[in-house]
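Comments concern the structure below.
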Amino acid sequence: MGKRSIRRRWLSAGAIAVLVLAGFFLVPWRNRQLPDPRRSYPTPYLNVQPEVAYVGLDRCADCHWAQAERYKKHPMGNSIAAVTDCTVIEKYDVHNPFKAVGFEYSIRKAGSRVFHQEKKRDPAGQLVFEQEEEVHFGVGSGHSGRGYLINRNGFLFLSPITWYRQEATWDLSPGYSQTPNHPHFARPVIAECLFCHANHEEPIPSTINHYRQPIALQAIGCERCHGPGALHVARRDIGEGGPLPDWSIVNPARLAPALRDAVCEQCHLHPEISVSPRGRNLLEYRPGLPLHLFQSVFLLAPEARDKNKFGGRVEQMQTSACYQKSAGKLGCISCHDPHGVPAANEKIAFYRNRCLNCHRQDRKDCSVPLAERLRRSKADDCAGCHMPYNPTNFIHVSLTDHRVQRPGRENAGLLPASGQLPLVHFYEHLLERGEDKRDLGIALVYYAGPRKLARILAKAVSILESHLRNCPDDVEALDALGVARLEENIPTAALECFEKILAVDPNSERALTKASSAAAAVGEDKKALGYLEQAIKINPYSASNWVGLGHLCMRRAEWAKAAEAVDQSLRLSPASLDARRLAVIVPYRQGKRAQAVAAWQAFAAFEPPDKDAMRRLLDGPP
């Protein structure tokens, strides 16, 4: 805002406005409220306001029944459902049971209920453990496959078993196939993951994977793209219509290109790291608003990319010549009908016609002669040549390559060279100068920490410390700084960060578990125990927290509590190597050698790298 406009505003408001403005600058940063984009962003659409309620697909169908019926067959309209309501796409007699990374998996159907099972056997074929869990929700349209969620009294976990439709086989879920020490049945399903599969979820604040019961997850509906519909429905109910445009409901086709694309990008842009801007989160996003105000999306910089794993479909599309030369005209809905998909026998013609909306009807834009094109494909398939199916980073799945390349040519990259940092903000061109500094600092922590990139981690710490001097109550920034301090082996500083969070939110499950780790690292076992016991009260289904409790109780020679913690962790996750180690050490320290040896035999069946070291431990004094 220029100086003249500021002066005009002050003069028109008078002395009172000056006093109010002065008071704003005197209020400490910790007490300032950031503007809510749902109220402050300039848009004519009225349903972006936070108080406008969602009404559900059935209510929309009262008037838009034709679109609703088509949409029910769309992949988005089948993104999640109770297992009992899922259209059966699985073949229960194919690759069932199957073996992977040293375990045996099977799927059992009992009427309308489905159970997933994991077994471990020792080299002699003797059963070490068997865990069976009922799965309650099927996730995914079934086009590529279907994953499954477990509901443990409102706490949601992901099953390690997935049905892959393209290959018609059962196998491990994406991300599980690299190591036998995968999460098994203990991987929590956080709200940000559920956001793109369910129309609406109600996470309980301060928890990681706890949702209000009864959990009745429904597929993505009309309002994910059009925004909440209560205002629109109320006006129609009283007969209040009027000429178009109708500002009571968002129509993505009428949005400016960046806002139109954001509607799709809320789910189809796949970041390397995503961060919630201060005071906001993705669950608050409303169609018609800029997505970057609710989610900071960081992608790998060109120098940090694996050239064989080229981004997600949004990023791919934006590298295409079609997109870059369209001046904003081309977007996802230029090719995709969000209300339905063409029948299999109409698919090639449907997408060819979409191409011909921009390219010349006589097809002289194509360098391949018509006769050659028809030899390759009788239907003259544009997408088959320029957008072939390519394997993904996930097993058994291929997706359409959205780079729209001419065979033998490479598109220019989307993102500029990044210099020394491995991450770049996807929406950097929309940000005010320096606006993403805080979010970049948080993202760098979670990128650099697991990779032990000390220089990048130090840069992240510098950014966060500078930010926290002005915003000392920024919980997400404090959490990231605490994690960085743990990675740097400075647990005292980490504990200070987590305790500042707990002063604001005493029941933060994440902060409690991390504060416990930091307190234990500085020798404050009593404090660490208190934090972890509180975390377990909030979430009694976290196997890792029970393992942590077992370690702390063992250090304090509280053997009965340590043994109970071991039992609870093995009940929840019998494949946990950390729990198996404790199951050996705790009875051994109590002088129960026979029990410890039996536990070691079960532990050794996993072939862990410290198998022999643990065996030698049993030969020494307790």
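Toward the positive end of the charge dipole of the chain, with +1 on the Cβ of Lys and Arg and -1 on the Cβ of Asp and Glu, the farthest Cα among Pro245, Val504, Ala484 is that of Pro245.
Considering the options Ala100, Gly175, Thr162, tell which one lies farthest towards the positive end of the dipole of the range 65-221, charges being +1 on Lys and Arg and -1 on Asp and Glu at the Cβ, about the Cα centre. Of Ala100, Gly175, Thr162, it is Thr162. Rg and Dmax over the alpha-carbon atoms of the range 453-534 stand at 12.3, 35 Å.
Each peptide in 326-336, 371-381 was scored by the mean count of other Cβ atoms within 10 Å over its residues; highest first, the order is 326-336, 371-381.
Charge tally around Asp58: other residues with Cβ under 13 Å, Lys/Arg +1 each, Asp/Glu -1 each, net -1. Listed by Cβ neighbour count within 10 Å, with the fewest neighbours leading, Val475, Val101, Val275 appear as Val101, Val475, Val275.
Helix content alone sets the calculated 222 nm mean residue ellipticity of the chain: runs of n ≥ 4 DSSP H residues at -39500 (n - 2.57) each, divided across all residues, give -11500 deg cm²/dmol. Taking only complete DSSP H runs, can you tell me which helices of the chain stretch 24 Å or more along their own long axis by Cα positions and average at least -1.0 on the Kyte-Doolittle scale? The qualifying helices are 454-470.
Using only side-chain charges placed at the Cβ, +1 for Lys and Arg and -1 for Asp and Glu, the dipole size of the chain relative to its Cα centre rounds to 1200 debye. The label point for Leu374 and the one for Gln213, both projected 7 Å from the Cα toward the Cβ, are 6.5 nm apart. From least to most packed, judged by other beta carbons within 10 angstrom and beginning with the fewest, Phe195, Phe498 follow the order Phe195, Phe498.
The aspartates and glutamates whose alpha-carbon is closer than 16 Å to the alpha-carbon of Lys611, local same-chain residues fewer than 8 away aside, are Asp122, Asp578, Asp619. Sorting 211-218, 76-83, 478-485 by their mean Cβ neighbour count within 10 Å, with the most densely packed peptide first, gives 478-485, 76-83, 211-218. Close amide-amide hydrogen proximity is noted between Phe137 and Val83, Leu149, each under 5 Å apart and 5 or more residues distant or on a separate chain (H modeled in the peptide plane; Pro and chain starts excluded). According to the Cα-based calculation, Rg over Rh for the range 422-467 is 0.99, with Rh computed by the Kirkwood formula. Answer with one residue from Ala321, Ala216, Leu291: the one whose Cα lies farthest towards the positive end of the charge dipole of the range 179-325, charges on Cβ with Lys, Arg +1 and Asp, Glu -1. The Cα lying farthest towards the positive end belongs to Ala321. For Lys526, a cut-off of 24 angstrom between C-alpha atoms picks up these lysines, skipping any fewer than 8 places away in its own chain: Lys500, Lys514, Lys537, Lys561. Charged side chains reduced to their Cβ positions (Lys and Arg at +1, Asp and Glu at -1) give the range 65-221 a dipole of some 220 debye around its Cα centre. Using alpha carbons only, the radius of gyration of the range 65-221 set against its Kirkwood radius gives Rg/Rh = 0.99.
Note on Glu240 and Asp365: the model spin-label points, each 7 Å out from Cα along the C-beta direction, lie 4.4 nm apart.
Computed from the coordinates by the stated procedures, all read-outs in this text should not be read as laboratory data. In this text, all values refer to a predicted model and were calculated from it rather than measured experimentally. Because the Cβ atoms are built from the backbone with ideal geometry, glycine has one as well, and the counts that use them run over all protein chains shown.
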